[in-house]
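Please read the structure below before turning to the comments.
The values are calculated or read from the model by the stated rules, or taken from the named source; none is laboratory data. Predicted model only: the values in this text are computed from it and were never measured. Every residue, glycine as well, gets a Cβ built from its backbone with ideal geometry; the counts of neighbours run over all protein chains shown.
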């Protein structure tokens, strides 16, 4: 029997190759394996991964549903770090959906999502700014591609 970790690695590889449907199938298997082992936190991580695939496929409502459910798991475990990561991913879904107001509202409501970065960092020209922008909304920063940033907040 393949372990949850092995399945997760396979799913990640498929996701990076943009083989989204195949990756989703593998992540669902990993989710089941983790759940069977009582690793509910890792099962919820797989649900977030499936939500990211739904986002990539343009299925925003399903992505939001999956990520919101995973967020509730992390919240119930008092895992603020993972909950904050899900909030960032949810914000990315809302931005992809064209709902920047909801992304900003979500960020402001989450008291645990802090600005943390390895400074300094380079924001490349042409980079997808969704995640970078959401990460720094709470700091009141406007990021511009092609600039070097060192952030402490």
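Would you be able to say whether some residue in region 88-110 is in contact with a helix residue (DSSP H, G or I) (Cβ under 8 Å, 6 or more places away or on another chain), assigned by TED's automatic domain parsing to the domain that holds residue 19 and at pLDDT 90 or above?
No: region 88-110 contains no residue that is in contact with a helix residue (DSSP H, G or I) (Cβ under 8 Å, 6 or more places away or on another chain), assigned by TED's automatic domain parsing to the domain that holds residue 19 and at pLDDT 90 or above.
For residues that are more than 16 Å from the chain's Cα centre (by Cα) and closer than 19 Å to residue 44 by Cα, scanning just region 15-30, find the one that is surrounded by the fewest Cβ atoms within 10 Å (Cβ to Cβ).
That would be 21.
What are the residues in region 81-110 that are surrounded by fewer than 18 Cβ atoms within 10 Å (Cβ to Cβ) and more than 14 Å from the chain's Cα centre (by Cα), if any?
Result: 97, 98, 99, 100, 101, 102, 104, 105, 108, 109.
Restricting to region 56-71, name every residue that is part of a helix (DSSP H, G or I) and surrounded by fewer than 21 Cβ atoms within 10 Å (Cβ to Cβ).
56, 60, 61, 62, 64, 65, 68, 69
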